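Beneath this line is the structure, given in structure tokens, with notes to follow.
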Amino acid sequence: MKAFLGLSLIFALEIIQQSTALTFYPRGSRSRVPRRPTGEGTLQSRDKKNIMDAGSLERILALKGGYDSTIGPDPSNPIQFFTLAGGMCPYAARTLIVFHELGLPFETVEISGKPDWYLQINPRGKVPAIRVPADNNEVIYESSICDEYLCDMYNNMNQDSTSTLMPNDPIQRARIRLLNDQTDTVLSPAFFTYFMNNNDTKDEEMLQKLENALNFFENALKTYGGPYFNGLEFTLADVHLLPFFLRMVVTLRHYKKYTLSEEKYPRLLKWFELCSERNSVKVASKPDQVIIETYKKFKDMNYKFGGLNKN
Amino acid sequence: MKGSHPLQMGGYDATVGADPSTPLQFFTLPGNTCPYAQRTLITLYELGIPFDITEVSGRPMPDWYLKINPRGKVPAIRIPTCDYEVVYESAICNEFLCDYVTFTLNKHQELMPQDAVMRARIRLLNDHCDNIFSKTQFTYLMNKDTDRDIQLANDMEEALMVYEEALEKSGGPYFLGNQFTLADLHILPFIQRLVVSLRHWKGYSLPQDKFSRLLDWFSLCLERESVKKSSMDDEKIIRVYQRFMDANYSFGGLNQNKT
């Protein structure tokens, strides 16, 4: 009986997958590159033999939306978004903000650990990643690449009303990318290293490094007029820094008794307040207490933050 | 006063800005030995954008250059027609140049196509080059413990397979297919140095059976004018790398051997 149900379900899912394949692809986003050979993202793939196993029917029924998320999203949702269970990853938070800012429909799949099926999707095993059925189940990872892709895709689909998240002006784009590079290669290592430092004699030097990194952002707000990094419009430059800034403010206050001074960082503090009012940012943020508890765990295990903790 | 400033080139003060009749000032190392700067030089030639070269050197870099690029590295570009805006980091410079041609000059360019998926693929390949592949090249090259050589060569080959697979998937001859893009020029300067330095110091060559497409790709890229004009010849690569070997160079952290 179970096997029969399993078979019917498989056929039902296959039919859904095939019939919706044509109707749900938004116009204009179809890829013009040679299509990959089928196998990934369709039920004809290797996973079919898994589905036939005894416990697999329960597994399928326990999965979201009644389909196997290891293969692909419900075809009625254009994009599948992979994030950590609990939503604490600041990199994935960036992409979540972008989804909400652009109003793009998506489906969330939470990952914990590095299960094999996820390594086949993102060989680096990290989040965020996105998978796009409308573009032949293309997989994209690394937060900045996901975010730029979503903006490119949105703008291609809405040529008369492109999003301001990533403007068309070459200089502004370069500025945004430079700010994001600063966030990733200068600010976040400085933050994690200072936060995880247990050697009191080194605290001041590390704090100095962090403040130098923050000065870059304060200056950008000054130079380009604010209130956002690119000026009047909220862009990927704001998105990219926000989840880190939130964690930094909360954990440094709680664990290092350090707060950013109004005197040194008036614009940056105003920027943070303004951004925190945006719905997309609220959805992607975690309450202070959750951040404090999570970061206590990091402290206890001497977490390396993927190499960003330079201690 | 014209001619009196030591850094005057083309009749203007390079510390201040390019002659406004030159759209772009490109900062690189003397002799253009830097592979990151070579990426941007290839881009400039491919796009046919007129520019002026300023060579900069020093450890540390001179103060006037640190005011231009606070990180003190090359490449950097400065654009007089855009209020002397400065852009640095090779990937950001190269995307800027492509955006500049598309949106400011309103001309078609194919180094960075407009298709969203292709752009994501290019950026992913370039991220792979910078964050996964390049350290395997330098760690192998600089390894002094011969017992580890085979493992390190394997690590490097595994990292390179991503490129061989990209060529298979797209059909080649370039990473994204028919068109030479930012993905090809991003790794090219590193492959040039890899081929010469690993042959010279490790007696190593990329195996033909594993990397037949990549080797074809490499030969094809070497025929491009932009690449010929921007490359060092083999003898020069060896001379430059001899200095790195003598100094047990860290390659900015990409050499992951413990000293």
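The values are calculated or read from the model by the stated rules, or taken from the named source; none is laboratory data. Worth saying up front: this structure is predicted, and the values here are computed from it rather than measured. Note that each Cβ is placed from the backbone with ideal geometry, even for glycine, and that neighbours are counted across all protein chains shown. Note: areas computed on protein heavy atoms with side chains; ligands, DNA, RNA excluded. Shrake-Rupley method; radii C 1.70, N 1.55, O 1.52, S 1.80 Å.
Below is a table of values for the structure above.
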{"read-out": "Calculated FRET efficiency for the pair residue A:233/residue A:311, C-beta based, R₀ 51 Å, to 0.05", "value": "0.85"}
{"read-out": "Accessible area expressed per residue, segment A:76-215, with surrounding protein chains retained (probe 1.4 Å, Å²)", "value": "37 Å²"}
{"read-out": "Chain B - convex hull of alpha carbons, volume per residue in Å³", "value": "134 Å³"}
{"read-out": "3J(HN,Hα) from dihedral phi, segment B:27-43, Karplus parametrisation 6.51/-1.76/1.60, rounded to Hz, x for glycine, proline", "value": "9, 8, 7, x, x, 6, 8, 7, x, 5, 5, 4, 4, 6, 5, 4, 4"}
{"read-out": "Fully extended contour minus Cα-Cα distance, from residue B:178 to residue B:110, at 0.36 nm per residue", "value": "23.4 nm"}
{"read-out": "With DNA, RNA and ligands ignored, accessible area of residue B:90 (1.4 Å probe; Å², nearest 10)", "value": "10 Å²"}
{"read-out": "Segment B:137-185: GluC sites (Glu not before Pro) falling in loop per DSSP and having at most 11 other Cβ within 10 Å", "value": "none"}
{"read-out": "Computed [θ] at 222 nm, helices only, for chain B once each DSSP H run of length n ≥ 4 contributes -39500 (n - 2.57)", "value": "-15000 deg cm²/dmol"}
{"read-out": "Ranking by accessible area, most exposed first, for A:175, B:78 with a 1.4 Å probe", "value": "A:175, B:78"}
{"read-out": "Those trypsin sites (Lys or Arg not before Pro) in segment B:204-255 that DSSP places in a loop and that have at most 13 other beta carbons within 10 Å", "value": "B:210"}
{"read-out": "Exposure rank, largest accessible area first [B:225, A:218, A:263, B:110; 1.4 Å]", "value": "A:263, B:225, B:110, A:218"}
{"read-out": "Heavy-atom accessible area per residue - segment B:1-149, 1.4 Å, Å²", "value": "41 Å²"}
{"read-out": "Cα-projected label distance for residue B:233 with residue B:257, points at 7 Å along beta-carbon direction, nm", "value": "2.9 nm"}
{"read-out": "Net charge dipole size for chain B [Lys, Arg +1 and Asp, Glu -1 on Cβ; Debye, nearest 20]", "value": "520 debye"}
{"read-out": "Summed buried accessible surface, chains A and B, 1.4 Å probe, nearest 100 Å²", "value": "2700 Å²"}
{"read-out": "Rounded to the nearest 10 Å², the accessible area of residue B:215 at probe 1.4 Å", "value": "40 Å²"}
{"read-out": "Dipole-positive endmost among B:76, B:113, B:41 within chain B (Cβ charges, Cα centre)", "value": "B:76"}
{"read-out": "In segment B:86-120, chymotrypsin sites (Phe, Trp or Tyr not before Pro) in a DSSP loop with at most 10 other beta-carbon atoms within 10 Å", "value": "none"}
{"read-out": "Using a Förster distance of 25 Å, the FRET efficiency for residue B:169-residue B:132 (Cβ separation, nearest 0.05)", "value": "0.90"}
{"read-out": "Fraction in percent of alpha-carbon pairs per bin - 10 Å, segment B:58-180", "value": "11, 28, 30, 24, 7, 1"}
{"read-out": "Fluctuation leader among B:186, B:108, B:128 - chain B, Gaussian network, Cα springs under 10 angstrom", "value": "B:108"}
{"read-out": "Projected label distance in nm at residue A:302 and residue A:119, using a 7 Å step from Cα toward the beta-carbon", "value": "2.6 nm"}
{"read-out": "Antiparallel DSSP beta bridges within chain B, percent to nearest 5", "value": "70 percent"}
{"read-out": "Volume per residue that the Cα convex hull of segment B:110-259 spans, once the total is divided by residue count, Å³", "value": "111 Å³"}
{"read-out": "Efficiency of FRET between residue A:294 and residue A:208 - r from beta-carbon atoms, R0 25 angstrom, step 0.05", "value": "0.40"}
{"read-out": "P(r) of segment A:165-311 over all Cα-Cα pairs, binned every 5 Å from zero, in whole percent", "value": "2, 9, 18, 22, 21, 15, 8, 3, 1, 0"}
{"read-out": "Computed label-point distance, nm, for sites residue B:242 and residue B:220 using a 7 Å Cα→Cβ extension", "value": "3.6 nm"}
{"read-out": "Rounded percent of accessible protein surface that carbon and sulfur make up, chain B, 1.4 Å probe", "value": "51 percent"}
{"read-out": "Residues in segment B:109-126 that, when all protein chains are in place, have 30 Å² or more less accessible area than the chain alone would give (probe 1.4 Å)", "value": "B:115, B:116, B:117, B:119, B:120, B:121, B:123, B:124"}
{"read-out": "Carbon + sulfur, % of accessible area of segment A:217-311 - ligands and nucleic acids excluded, 1.4 Å", "value": "53 percent"}
{"read-out": "Residues in segment B:161-208 occluded by at least 30 Å² - accessible area, probe radius 1.4 Å, against chain by itself", "value": "B:169"}
{"read-out": "Segment A:128-203 shape via C-alpha gyration tensor axes, a/c threshold 1.5", "value": "oblate"}
{"read-out": "Inverse mean reciprocal Cα-Cα distance (Kirkwood Rh) of segment B:163-204, Å", "value": "11.2 Å"}
{"read-out": "Accessible surface, per residue, of segment B:157-259 when the full set of protein chains is kept, probe 1.4 Å, Å²", "value": "49 Å²"}
{"read-out": "Acute angle (nearest 10 degrees) that the helix B:212-222 long axis makes with the longest principal axis of chain B, alpha-carbon atoms", "value": "30 degrees"}
{"read-out": "P(r) histogram, all alpha-carbon pairs of segment B:69-109 included - 10 Å bins from 0, percent", "value": "29, 51, 18, 2"}
